[in-house]
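Just so it is clear, none of the values below were taken in a lab; they were calculated from the coordinates. Computed from a predicted structure; not experimentally measured. Positions of Cβ are backbone-derived with ideal geometry, glycine not excepted, and every protein chain shown enters the neighbour counts.
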Amino acid sequence: MAKSVLEDLLSKQNEINEVDCEKLVKSVYNLNDLEFETYCIILIHGSSTVTNIMDYINKKAQYVNNTKDRTMISRALKQLYLKELVTRISETKNMSRGYYHIYSAKSIAEIQEAVSEYIDTWYEKAKNELSVLTERFEDKKKKELVNFT
């Protein structure tokens, strides 16, 4: 016999009780593992260049056998920048025409506030949807009965 929806929800109670903050932040900002690790590196080590961030990332245990090149780190930084999790400042190289970026991370307090606002907004939307559940079901029922007869 198939599980009821209620039984399924109750079986997931442990998942609800053990919310993983890392997964929550990744989900809210739609980050992959490398983007999240890149953000954390900047947060821990302070403002850095792509090369420094790449060095820190490649020293992490999960990347020792799967090193990330400059292009991959730059791509992760671009996504973090577009999602406003990092800022960047351009600086010119000494005696040359080139430039480089120095990336800084948004503070944990700012992330916490943004995620909290997201959760509150989602919660209100979910409550609103539940409040019209009966109405929507009745509309669906009427349409179904009209189509059936």
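A few points about this structure:
- With the simple spin-label model, which puts each label point 7 Å out from Cα in the Cβ direction, the SER104 to VAL64 separation comes to 3.4 nm.
- Projected label points at ASN147 and TRP122, each 7 Å from Cα along the beta carbon direction, are separated by 3.1 nanometres.
- Ellipsoid equivalent to region 107-149 - semi-axes via the Cα gyration tensor, in Å: 40, 8, 4
- Model label points for VAL115 and ILE44, set 7 angstrom from Cα along the Cα-to-Cβ axis, are 1.6 nm apart.
- Ratio of Rg to Rh over region 21-106 (Cα coordinates, Kirkwood Rh, two decimals): 0.99
- Across LYS26/LYS59; LYS23/LYS83; LYS26/LYS83, pairs whose alpha-carbon gap is larger than 19 Å: LYS26/LYS59
- In degrees, nearest ten, helix 133-148 long axis to first principal axis of the chain (Cα): 60
- Largest-first principal axis extents of the Cα set of the chain (Å): 81, 33, 31
- Globularity index of region 31-80, i.e. its alpha-carbon radius of gyration over 2.2 N^0.38 Å: 0.98
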